[in-house]
Each structure stands twice: as C-alpha cells, then as structure tokens.
Amino acid sequence: MNHTPGHPGAGVTVRDMTLDDVPAVSALEQRLFPVDAWPLQMFLDELSQPETRRYLVAQGTDGIVGYAGLMCIEPIADVQTIAVVPEYEGRGIGTTLLTALIDEARRRRAADVLLEVRADNPRAQQLYVRFGFEQIHVRPRYYRDGVDALIMRLQLAGTPGSASGPNPHNANPEAANPQEGPQP
C-alpha cells in the first residue's frame, strides 16, 4: 500500500510495515521512547497477527521516519502505536498515519477506535481531538516513568467507505511524535 492522505511531504510515502522494517522501527522506538520502548520481539509478534493487526511505516529519503499500528477485534480498534521522528515533524506524517489507521478501523468494521496517550504529550492530544477523539478515562501512572495515560475514544459513524466521521483535512499536520498503546 502506498497511501498519502494528508500529503506527508515530498519524498515520504506510507506503506505496510514488513519484517525487514522491524530492526529500523525498533531502533527508532528506542530513540524516541527510551523509557517505554517496545522490544523488537513485540513488533515481530504484532506483524505475525495480520488478521487483527495492521502496521505502517512512513518511508522518507533517509529511511523510515515514522510508524503506526492498529489492533482491531470487532467492534473495537485500538491504536497500538504512532510515532514520527522529530526531524520530520510538521510535515503531516502523523496526520497521514492516523488517517490510514482510522480508514483501516472502518474497513474492519470497528465501531470505536481507542488509544492511550501520555498526559504530558499535549501535541499528540491536540491531533487526536482534531480527529474527533474524546478523553474517556485516565490510567494513573500507566507509563514506566509514572506519567498518566489518557484513554481517548473516537466513535466511528457509518460503514466502511462512509463519508461520515473524522475529517483529516481539519487535523493539524504539525502534530507528530505521539506514543500510545500498551507498553511492555
């Protein structure tokens, strides 16, 4: 899949993550989230479950510059992770990745999309609010460093391919580098 909704910028395409991408994605994960990084094996485990998972990478001229993943067990989809390297923030990559995950949730007939976001990451929270996510719960001290997780939900309207639901064109392409999902 080459997917470019939100127009992530020149030289960046979004495609399905492959096993060959996992070492580079894992290295980015360690760089971006040293306290809460997923181990390499977790990415391998996630990719081994295509019936309920979808993982994407944003490929730039310098290699992988972002990644995202979704778990969907009908009727609930969960954004497992989404991240963009700081050097590529502000190019719409986070918006593009989130749009692709929401599209996938619709395709898999999810009624709701859930995610966890760090309470100390207002930039990511703002992106999610622009897509229509609402905070529904707080998980105190969820992350290893003691930061709370905000649980957010997007209620999807209509069926796959429906024009209703979040409008990624209203989303802020400046928002990038959020991290959600279960942490090891």
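Could you list ASP21, ASP45 in order of exposure, starting from the residue whose Cβ has the fewest other Cβ atoms within 10 Å?
Neighbour counts put them in this order, fewest first: ASP45, ASP21.
Given a Förster distance of 25 Å, report the FRET efficiency between ILE76 and VAL35 from their Cβ-Cβ distance, rounded to the nearest 0.05.
0.40
Please express the Cα-Cα pair-distance distribution P(r) of the stretch 13-170 as a list of whole percents, one per 10 Å bin, running from 0 to the bin with the greatest distance.
Taking all Cα pairs of the stretch 13-170, the binned fractions are 11, 41, 40, 9, 0 percent.
For a footprinting-style exposure proxy, rank TYR55, TYR88 by other Cβ within 10 Å, fewest first.
TYR88, TYR55
If one computes the Cα centroid of the stretch 95-126 and of the stretch 54-89, what distance in Å separates the two points?
10
All of the numbers you see were taken from the coordinates with simple rules; none came from a lab. All values reported here derive from a predicted model rather than from experimental measurement. Cβ sites come from the backbone with ideal geometry, for glycine too, and all protein chains shown count toward neighbours.
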